[in-house]
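Asks: Mind looking over this structure? Questions follow.
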Amino acid sequence: MGAGRTVNMSSRGLLIASEDVLVSTGTRLQLIVDWPFLLHGITPLQLVVSCRVTRCLPEEFAVKVDQYQFKTKKR
């Protein structure tokens, strides 16, 4: 498990900045992104992404999205 910051995101991939990048190209991951908007203005959401690492740089890595879904988050 690790932590990072989403640098950018599209429907096909994400670029994640992380000081403790411990992944390599080809690794399959599940990322959980706290979504910045609330469902109906009340319920926190998380974006759950199944993905594969496509590129690794010293302090960031890129992934290609295989599947994604939104889930509600407990308050």
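We did not get these values from a lab; they are worked out from the coordinates using the rules stated. All values derive from a computational prediction rather than experimental measurement. Methodologically, a virtual Cβ is constructed for each residue, glycine included, from the backbone with ideal geometry; neighbour enumeration extends over all protein chains shown.
Asks: Mind listing the phi-derived Karplus ³J(HN,Hα) values for segment 56-66, rounded to whole Hz, using 6.51, -1.76 and 1.60 with θ = phi - 60°, and x for any glycine or proline?
Replies: 10, 10, x, 10, 7, 8, 10, 10, 9, 6, 9
Asks: Can you list the residues, at least 5 places off or on another chain, whose amide H is less than 5 Å from the amide H of residue 54, using H built in the peptide plane?
Replies: Correct list: 26, 62, 63, 64.
Asks: May I pose another question? Which label marks the calculated value of semi-axes √(5λ) of the Cα gyration tensor in Å, given the options (i) 27, 19, 9; (ii) 23, 13, 10; (iii) 36, 15, 14?
Replies: (ii)
Asks: Tell me which residues come under 5 Å, amide H to amide H, from residue 73 once H is placed; ignore anything under 5 positions away on its chain.
Replies: 45, 46
Asks: Next question, about the same structure. State, to one decimal in nm, how far the label point of residue 6 lies from the label point of residue 56, with both points 7 Å from Cα in the Cβ direction.
Replies: 2.4
Asks: To continue, here is another question. Per residue of segment 22-30, in order, report the coupling 6.51 cos²θ - 1.76 cosθ + 1.60 (Karplus, θ = phi - 60°) as ³J(HN,Hα) in whole Hz, putting x for Gly and Pro.
Replies: 10, 10, 10, 4, x, 5, 8, 9, 10
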